[in-house]
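Structure, as C-alpha cells:
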Amino acid sequence: MAHFEIKNLNFSYPNSDRKVLSNINLTINKGEYIVLCGSNGSGKTTLLRHLKSVLTPHGNRTGEIFFDNIQIDKVSLREQSSKIGYVMQDPDSQIVTDKVWHELAFGLESLGCDVRTMRMRVAEMASYFGIQAWFNKNVMELSGGQKQLLNLASIMAMQPEVLILDEPTSQLDPIAATELLNTVKKINLELGTTVIITEHRLEEIFHCADRVVLMENGEIIGCDNPRNIGKSLKSTEDDLFSILPSTMQIRYRVGGNLPYPLTVREGREWISKMFEDKQIQYDTIDSIEIDDEDTDTILELKEVWHRYDKYSNDVLKGINLKIEKGKIHAIVGGNGTGKSTMMKTICGICKPYRGKIMILGKDIKKYKSNELFNNCIAMLPQDPKSLFVKKTVREDLEEMISNNRYTKKEKEDKIINISKLCEIDNFLLNHPYDLSGGEQQRAALAKVLLCNPKILLLDEPTKAIDNNFKNKFSDILKELKDSGVTIVMVSHDVEFCAKCADKVSMFFNGEITTTNTPNRFFSQNSFYTTVANRMSRHIFKNAVNNEDVIYLCQKNLVQ
C-alpha cells in the first residue's frame, strides 16, 4: 500500500517563472527506504517540504499529493504531526523550547499525550540516542550536531509512520553520523517506519536504499535500485556521477570486469580480488613532510582557556596551535568538543579568560573594533543565514562593499566575479531564505570573500554542498591559498579535508591532541578516516582519497 502518491506536481516560488519542481510523479510505499539525491538546487528540499502541509512553501503549485489515499491538504494537521516526522536541514529552525528535556516532550505535549506515557517515551529516546549526559542542559549550549540528534529523538518520541530527513548528518562528526544513519536504518527495518532521506554523504545510506530517486533541475531523472542508478550515471558520463559513493567511483575509474561494490566491505573484497594473483610493487603515496622551521606563523593560540560563564565547565582547555601562512589547516573532532568556540575566540566573538591569541604577530586585544575585520580576518559561520540581512543575495553582496572606496564599475565587477566563482549568479535576485542549504552556503561564502581577508575561518564550509561543487570549492580554496590567503577550516567532512588540506589537527575534549599531514593523519585512524582508506588500507599504506587509490591501482595494474 502506498504511503505517498505524487501526481504531476509542479511548483514555482512567488515572482518567479522558473519551475523548482516539474512534472513530479512518484509513489512511495509503506516501509520503503527512499534516498533522494541530486545536486544543490535540484529541488530535493522543496519536494520533501510538500509532503507535510505545514511546511509547504508559498508559491504556485499544480498537481496532487495523496497520503494514505487522502489528499494531503485534507489530512488534519494533528494527524500529519503524529504520523509524519520531519527532521529539517537546519536544526535551529525546528527547536522551540529552552531545555533539552522539554524539547523531547514538546511534541507529545502538543498531541495531548498523558504524563506517564510521555515520561516513558522521553526516557526511552534519551537513552537510545545517548542524550542522558546533556538531558538537563539549555538548548543554546548544544553544538549543531547535538541539536540535530535532539531533533531526531524528539520526532521519534511521537512514533511516526513516516520519517522524512533533510540532510540529517550535515552537522555531525563521522562517528555520530554513522550511528545516526544506522539508527535510521534500524528504525526502518525493525519498526517498519517509511524513511525518505536526502543526503550528500551517500556512503552510509546508498546501499541501504530500496530505491534511489535522482533529481536534476526540478525533475526526477532516475528512480531505481542503487546499483542500476550507479550504472546509469556511469554510462551517461553525467556530472552527477560525483554524488556516488567512493567505492563505486573508484571501481568505475579503475575499470575491470569484477562486480560493482556498494559498501566499504564490498570495496575491500573487490580490491583484494583484483590483486590476489599480482604482486604489489607500489603501495605508498609520496607524503609531504611537516617542516615548521622555515614557515611564517600568521596565527597562534597560546594556552587559551574559555568557559561560557563563571560557574560552567571549561570549553577550551589550554589550546596551543600554530597556523602557517598560506596554508589550509583543517581541524576535525567530535560534536560538542569546542571547535566552533575556538573559531569564535580567534575572531574575537568569545573572550578567553586566560592565554593569548596572536594574529599577524599582534595580540588580538590590541586590535581596534573594525581593524580586525578590515582586510585581516573573516569568518564563515556554521549557520550561513546569520550573514543575510537583505532581501536579495545581490543586495547582501553589495552591502559588504558599500563602505569601500570603489567606483560603481569596480563594485559591479567584484560582484560579477565573486558570483561566478561561487556559482551563485543564477539566483542573485532571490531572497537568501528561498535558497537551498547548499546555495545559501555558497552565497555566504561569496559575501565573506568580498572582505578580502588574509585569514579565512570556515566553520563547516561543505555543509549541505553537493559533491560536484565540493570539487570546485576545493579549487577555490587552493586559488585563495595561492594568492596568499591562510585558511583555517573546522569540518566533519573528512573526505574534503583529506583532499584539500595541507595539515589536519584532531580536536578532543577542548584541546588539540595531534597535527599531521592528511596522508599520515587519516591513514593512522580507524574511524576518522576516508572511505577510500578504509577499503584499501590492507593493501596500500597511506592512500586516503579516491585519486590516491585510483593512482596506485592503475600503477600496479600496468606493471
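With Cα atoms defining each centre, the range 96-118 and the range 499-559 are spaced 44 Å apart in the structure.
Computed on the range 197-288, with alpha-carbon pairs under 8 angstrom and 6+ residues apart, the relative contact order is 21 percent. Per the Debye calculation on the range 318-437 with a single equal scatterer at every Cα and no solvent contribution, log₁₀ I(q)/I(0) for q = 0.23 Å⁻¹ amounts to -1.36. Here's how it looks for residue 314: its modeled amide H is under 5 Å from none belonging to a residue 5 or more places away or on a different chain.
If 296, 363, 286 are ordered by their accessible area, calculated over protein heavy atoms with a 1.4 Å probe, which sequence runs from highest to lowest? Mind dumping the intermediate values first?
On the way: 296 105, 363 25, 286 145 Å².
Order by accessible area, largest first: 286, 296, 363.
In the P(r) worked out for the range 423-532, what percent of Cα pairs fall beyond 22 Å? Working shown, then result.
Values: 2263 of 5995 pairs.
The proportion of pairs with Cα distances above 22 Å equals 38 percent.
Placing a label point 7 Å from the Cα of residue 217 along the Cα-to-Cβ line, the residues of the range 1-22 whose backbone N sits under 12 Å from it are 19, 22. Each residue of the range 177-185 was assigned a 3J(HN,Hα) from its phi angle through the Karplus expression (A = 6.51, B = -1.76, C = 1.60, θ = phi - 60°), giving 5, 4, 5, 5, 5, 5, 5, 4, 5 Hz with x at Gly and Pro.
Computed FRET efficiency, Cβ-Cβ of residue 472 and residue 68, R0 51 Å: what is it to the nearest 0.05? Can you show the working numbers first?
Working: r = 42 Å, r/R0 = 0.83.
E between residue 472 and residue 68, to the nearest 0.05, is 0.75.
Placing dummy labels 7 Å off each Cα toward the beta-carbon, the span from residue 109 to residue 137 is 2.0 nm. Amide H to amide H, with H built 1.01 Å from N, residue 165 comes under 5 Å of 87, 196, 197, 198, counting only residues 5 or more places away or on other chains. Computed from backbone phi, the HN-Hα couplings of the range 490-499 come to 9, 7, 8, 8, 5, 5, 5, 4, 5, 7 Hz, rounded to whole numbers (Karplus: 6.51 cos²θ - 1.76 cosθ + 1.60, θ = phi - 60°; Gly and Pro given as x).
Got a number for carbon plus sulfur as a percent of the range 304-407's accessible area, 1.4 Å probe? Walk me through the numbers before you get to the answer.
Working: 2660 of 5520 Å².
The C+S portion of the solvent-accessible surface of the range 304-407 is 48 percent.
Rg ratio for the range 1-75: its Cα radius of gyration over 2.2 N^0.38 Å, N being its residue count, equals 1.08. The modelled label-to-label distance between residue 374 and residue 404, using points 7 Å beyond Cα along the C-beta direction, is 1.4 nm. Extension gain for the segment residue 360 to residue 273, taken as residue separation times 0.36 nm less the Cα-Cα distance, is 26.0 nm to one decimal. With N the number of residues in the range 412-480, Rg(Cα) / (2.2 N^0.38 Å) evaluates to 1.05. For the pair the range 323-367 and the range 167-232, the centres of their Cα atoms are 36 angstrom apart.
Would you please classify the overall shape of the range 57-207 from the alpha carbon gyration tensor, given that a ≥ b ≥ c denote the square roots of the eigenvalues, rounded means a/c under 1.5, and beyond that prolate means a/b larger than b/c while oblate covers the rest?
Numbers: a/c = 1.55, a/b = 1.18, b/c = 1.31.
Verdict is oblate for the range 57-207.
Accessible-area rank, largest first, for 167, 204, 190, 109: 190, 109, 204, 167, with all protein chains present and a 1.4 angstrom probe. Heavy atoms of the protein chains alone define the surface here; on that basis the chain has 45 Å² accessible area per residue at 1.4 Å probe size. Given their separation in residues at 0.36 nm each and the Cα-Cα distance between them, residue 425 and residue 79 gain 120.4 nm when the chain is fully extended. For residue 333, the residues whose amide H sits under 5 Å from its own are 507, ignoring neighbours fewer than 5 places away on the same chain, with H placed 1.01 Å from N. Principal axis analysis of the Cα atoms in the range 192-343 yields extents of 57, 49, 31 Å, listed in decreasing size.
Can you list the GluC sites (Glu not before Pro) in the range 248-344 that are in a DSSP coil and have 10 or fewer other beta carbons within 10 angstrom? Filter output for the range 248-344: 276, 289, 293.
Multiply the residue gap between residue 520 and residue 8 by 0.36 nm, knock off their C-alpha separation, and tell me the result in nm, one decimal place.
Details: separation 512, 0.36 × 512 = 184.32 nm, distance 5.18 nm.
Gain on extension, residue 520 to residue 8, equals 179.1 nm.
Each label was represented as a point 7 Å from its Cα along the Cα-to-Cβ direction; for residue 17 and residue 303 these points are 6.7 nm apart. Here the chain has an Rg and Dmax of 24.0, 71 Å, counting Cα atoms alone. What percent antiparallel are the DSSP beta bridges of the chain, to the nearest 5? Within the chain, antiparallel bridges account for around 55 percent of the total. Its DSSP H runs of at least 4 residues, each contributing -39,500 (n - 2.57), put the calculated 222 nm mean residue ellipticity of the chain at -10000 deg cm²/dmol, to the nearest 500. Computed from backbone phi with θ = phi - 60° and the Karplus coefficients 6.51, -1.76 and 1.60, the 3J(HN,Hα) list for the range 509-515 is 6, x, 8, 7, 9, 7, 9 Hz; x is used for glycine and proline.
The values are calculated or read from the model by the stated rules, or taken from the named source; none is laboratory data. This one's a predicted model, so the numbers in the text were calculated from it and none came from an experiment. Here the Cβ is made from the backbone with ideal geometry for all residues, glycine too, and neighbour counts use every protein chain on show. These area figures cover heavy atoms from the full protein model, side chains too; ligands, DNA and RNA do not enter into them. Shrake-Rupley method; radii C 1.70, N 1.55, O 1.52, S 1.80 Å.
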